[in-house]
1. Which of the strands (runs of 3 or more DSSP E) found entirely inside segment 94-170 contain at least 1 residues meeting this: under 23 Å from S60 (Cβ atoms) and of a type in the set (K, R)?
2. For segment 346-353, indicate whether the set of residues that are in contact with a Pro (Cβ under 9 Å, 6 or more places away or on another chain) and surrounded by 14 or more Cβ atoms within 10 Å (Cβ to Cβ) is non-empty.
3. Inside segment 48-77, can you point out the residues that are in contact (Cβ under 8 Å) with a residue 24 or more places away in the chain, not aliphatic (A, V, I, L, M) and not in a loop (DSSP other than H, G, I, E, B)?
4. Please specify each residue of segment 304-316 satisfying the condition of being touching a residue at least 12 places away in the same chain (Cβ under 8 Å) and either surrounded by fewer than 17 Cβ atoms within 10 Å (Cβ to Cβ) or acidic (D, E) (or both).
5. Got at least one residue in segment 48-66 being over 28 Å from the mean Cα position of the chain (by Cα), exposed (fewer than 15 other Cβ atoms within 10 Å of the Cβ) and either closer than 26 Å to N134 by Cα or not polar (S, T, N, Q) (or both)?
6. Residues in segment 200-230 that are within 15 Å of the ligand (Cβ to nearest atom) and touching a helix residue (DSSP H, G or I) at 6+ places or on another chain (Cβ under 7 Å): how many?
7. Given the condition surrounded by fewer than 13 Cβ atoms within 10 Å (Cβ to Cβ) and more than 18 Å from D85 (Cβ to Cβ), answer yes or no: does some residue in segment 143-150 qualify?
8. Please report, ordered by residue number, the helices (runs of 4 or more DSSP H) entirely within segment 231-338 with at least 1 residues that are more than 29 Å from T174 (Cβ to Cβ) and away from the ligand (no atom under 14 Å from the Cβ).
Amino acid sequence: MKMAEIRTIQETDEAAFMRFQAALLREKSPDVKVQEVTDFAAFVAESKTQETVATHLDYSTATTYYYFLANGELAASITCRWELDKGTLLKHGGHIDFEIAKSYQNKGIMTELIQFAFAQYRKRGIFDIMITTNEIDAFSRRTIEKNGGELDKITAITEDGQNLRLAHYWVHLTPDAELDEKVVKSYNAHSNHNMRRPVVKQEIVAFMRNKQHQLDGFLGEVEAFAHVENVPIIPHETVVYFQFLLQSLQPKHILEVGTAIGFSALLMADSAQDASVTTIERNPEMAELARENFTRYDSRKQITLIEGDAIDVLSELTETFDFAFMDSAKSKYIVFLPEILKNLAVGGIIVIDDVFQGGDVTKDIADIKRNQRGIYRGLHKLFDATLDNPGLNATLVPLGDGILMIRKLQETIDLG
Ligand SMILES: C[S@@+](CC[C@H](N)C(=O)[O-])C[C@H]1O[C@@H](n2cnc3c(N)ncnc32)[C@H](O)[C@@H]1O
């Protein structure tokens, strides 16, 4: 027996599509926008193109998925836009548009379609989804809220000469471990939750992640793999910042604590092509994946992976570094710092990732969950030792979950 299916439109769907469109047109109200299709073949061709190439600089690439009932009738559609920074999408378009014929509402079809769309966003590493709808469209608002939408704000806009009030929702997806057969076992959907508690406005984060230069080639592949597999790598806004920083500084000897699958090591090696990169990782599964990535992509043989705990490895290092990146267990940054400073040249820079603990560092310790207090104390010791230290320049930068940047100004540093 034929089952209901969700898929993109094809040339053979003309009759079902036209009936669906006629139903929407009949029901046309301010809540439902319908652009009438008359040339179906051209519409199918354009839909296919739009999936990968936007027809205007200001348009996002987009894919529309249709819900076909078992009897072949078309009940609903959902359009997923992949680039929120295009045109006015951040202001009033949002990621998703959906349409459903009235007779099919309240049967769970829209929820099925939305969950299908969310799975497509997860696959692309997009976890923060913006959806807007007319304030008075009760069905859409109920559907969005049922699917995890959190109301952000209501704004007044004018569209096609009509004054509308738009409800803006955000849905924050967690990468669902059950959606895909996971290659990586060390991390799950709840790993790295601070990355989903951004410390600056959500729209700004989305803007920085989507508007700035995207990675292609092997770096793009490794970044996408990490997102799909929940491996906590530096977020895209930090990626772009690192490219800028390292391309400008051109350090010669880089040290990294916390390799994971080797993404940031490869990025740094790519940005400073004359540099050596020594990177330390204690998790054997991560080290294995990093090794594979280095074999495949470290074409200039810049990277040396040391498998082990930084606590043991750092004290054994004899090389002098001019750039260090700490991206490991947060409570241990203050423990590793003296060792790293010992091996850092005067004028050298240390970047420390994830220092805001999702904003918890600003709170009183009594308000911090007991199992998070070790990290909280470690980070505060780090701030106390560095921010006002006369032997160092130090600055906090609100990228990702916050980075602390330190420059060593003199040979001997008293960390107090
Ligand atoms: C956030 S991930 C690193 C991501 C990587 N820097 C990137 O952006 O591509 C942190 C990694 O640090 C490793 N790690 C944590 N504590 C460590 C330690 N004491 N010694 C070595 N590695 C450690 C973890 O196993 C994990 O793979």
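1. Strands (runs of 3 or more DSSP E) meeting the threshold: 150-159.
2. yes
3. K48, T63, T64, Y65, Y66, Y67, F68, S77
4. Residues satisfying the conditions are T304, E307, G308, D309, I311, S315.
5. So the first thing to find is which residues in segment 48-66 are over 28 Å from the mean Cα position of the chain (by Cα), and the list is none.
For segment 48-66, residues over 28 Å from the mean Cα position of the chain (by Cα), exposed (fewer than 15 other Cβ atoms within 10 Å of the Cβ) and either closer than 26 Å to N134 by Cα or not polar (S, T, N, Q) (or both): absent.
6. 8
7. Yes, some residue in segment 143-150 is surrounded by fewer than 13 Cβ atoms within 10 Å (Cβ to Cβ) and more than 18 Å from D85 (Cβ to Cβ).
8. 236-249, 284-297
Values quoted throughout were computed directly from the atomic coordinates according to the rules given, and no laboratory measurement underlies them. Keep in mind it's a predicted model, so treat the numbers as computed, not measured. With ideal geometry, Cβ positions are generated from the backbone for all residues, glycine too; neighbour counts draw on all protein chains shown.
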